[in-house]
Number of protein chains: 2
Amino acid sequence: MHVNTLDQRIISCLVANARSSYADIGKLVGLSAPAVKRRVDRLLESGVLRGFTAVVDPEALGWGTEAFVEMHCKGNIQPARIRARLEPLPEVVAAYTVSGAADAIVHLRAADIHHLETALERLRGLEIVERTVSTVVLSTLLERSPNPEH
Amino acid sequence: MHVNTLDQRIISCLVANARSSYADIGKLVGLSAPAVKRRVDRLLESGVLRGFTAVVDPEALGWGTEAFVEMHCKGNIQPARIRARLEPLPEVVAAYTVSGAADAIVHLRAADIHHLETALERLRGLEIVERTVSTVVLSTLLERSPNPEH
DNA sequence: ATTGAAATCGCCGTGGC
DNA sequence: GCCACGGCGATTTCAAT
């Protein structure tokens with residue numbers, strides 16, 4: 001699907017504030033409210049926009065402890081099977097297959113160190129896992145969404 | 001600040017769809033629209049809710065290539081100084097200080113391998129950086145927001 | 001509960017191919 | 001002529017007080 005500059009500006013507005021009205025976005029990009037809505041609908045349908053979500057302070061919800069885990073799996077394993085094993089673990093925030101020695105990098109979020117330990121044990125207990133190397137997050141320096149424009 | 005079950009359910013609704021109306025949320029959690037708004041305002045003011053954003057397909061915007069970079073810095077460096085150096089780099093999606101050998105983990109997003117290489121060079125060129133170890137993402141297995149409830 | 005704003009829908013005009 | 005796209009106005013739903 002084709003995404004032009006106008007679409008990118010609309011997307012930027014929505015990334016900055018997903019609850020802004022179509023009229024407000026229209027004022028910024030130079031369109032009427034219905035025109036903005038039609039573009040947003042089209043972007044949603046085509047999958048360029050996946051949806052709208054609230055950004056929550058993890059600390060406030062009792063998810064203050066994070067870690068990145070290098071996962072080394074037994075033998076040759078398809079990404080889909082790794083995904084299937086990780087998906088049921090609620091502490092898994094994100095997971096990626098990667099180049100290099102590890103098979104995957106798993107981003108974990110837990111309430112505290114103890115909970116993190118439990119989550120790690122469960123992760124290491126998966127039968128596909130040979131070993132793991134975990135790195136505990138001490139502080140979040142930066143977290144942002146990538147801009148449509150460079 | 002105190003966040004109860006009702007607040008958590010409201011947050012869940014907003015995480016699922018940040019553009020849903022107060023009335024719709026109210027139907028799901030058993031409150032009137034104004035009551036929901038008051039709670040949302042309070043959650044925003046207290047910082048539990050940081051805001052609302054659009055979830056974008058990075059591929060569609062031409063940000064198809066990701067990497068995680070272990071950053072090893074020269075000497076003892078304060079997190080704030082690392083942050084200050086990383087903040088101007090648009091390819092830096094997230095960055096964390098971590099336990100272990102590395103000083104920080106940097107999450108990069110670029111248009112393609114070539115752009116990633118450029119971004120990496122710029123990162124390695126920072127005077128605080130001693131060396132880096134980068135891991136290129138091959139595929140995203142999973143990406144989700146942590147639920148308020150376990 | 002009332003008043004104003006926003007979302008939504010149908011209809012029409014314009015311009016490119 | 002057809003299609004893509006935007007504006008306008010009416011109606012319904014929502015937000016704010």
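No value in this document is a laboratory result; all are computed from the given coordinates. What you see is a predicted model; the values in this text were computed from it and never measured. When we count neighbours, we look across all protein chains shown, and the Cβ atoms used for this are built from the backbone with ideal geometry, even at glycine.
Once the Cβ-Cβ distance between B:VAL133 and B:LYS27 is put in as r, and R0 is 51 Å, what FRET efficiency do you end up with, to the nearest 0.05? E between B:VAL133 and B:LYS27, to the nearest 0.05, is 0.50.
A helix-only calculation puts chain A at -11000 deg cm²/dmol for mean residue ellipticity at 222 nm, using -39500 (n - 2.57) for each DSSP H run of at least four residues, averaged over all residues. Shortest first, A:ARG131 label-point distances to identical copies amount to 2.0 nm, with the label point at 7 Å from Cα along Cα→Cβ. Lys/Arg Cβ at +1, Asp/Glu Cβ at -1, dipole of chain A taken about the Cα centre: which of A:LEU49, A:ILE77, A:SER134 is farthest positive-ward? Toward the positive end, the furthest listed residue is A:LEU49. Working note: Karplus 6.51/-1.76/1.60 with θ = phi - 60° gives region B:3-12 the couplings 10, 9, 4, 4, 4, 4, 5, 5, 4, 4 Hz, where Gly and Pro are set to x.
The mean number of Cβ atoms from other chains found within 10 Å of a Cβ in peptide B:86-98 is 5, as a whole number.
Within a straight-line Cα-Cα reach of under 19 Å, A:LYS37 can be paired with the following lysines, leaving aside sequence neighbours fewer than 8 residues apart in one chain: A:LYS27. Each residue of region A:116-121 is assigned a 3J(HN,Hα), and the resulting list reads 4, 4, 4, 4, 5, 4 Hz, derived from the Karplus form 6.51 cos²θ - 1.76 cosθ + 1.60 (θ = phi - 60°), x at Gly and Pro.
The amide H of A:LEU138, built 1.01 Å from its N in the peptide plane, has B:THR97, B:VAL98, B:SER99 as neighbours under 5 Å, considering only residues 5 or more places off or on other chains.
Sorted shortest first, the distances from the B:THR118 label point to those of the same residue in the other copies are 4.7 nm; each point sits 7 Å from Cα along Cα-to-Cβ. Once divided by 2.2 N^0.38 Å, the Cα radius of gyration of region A:5-46 becomes 0.98. Axis-proximal residue of chain A for the rotation onto chain B, reported as residue and distance in whole Å: A:ALA18, 2, based on Cβ position. In terms of surrounding Cβ atoms within a 10 Å radius of their Cβ, A:ILE77, A:ILE25 rank from fewest to most as A:ILE77, A:ILE25.
With its label point defined 7 Å out from Cα along the Cα-to-Cβ axis, A:LEU28 lies at 2.4 nm from the matching points of the other copies, in increasing order. Computed on the Cα trace of region A:37-150, the radius of gyration divided by the Kirkwood hydrodynamic radius gives Rg/Rh = 1.04.
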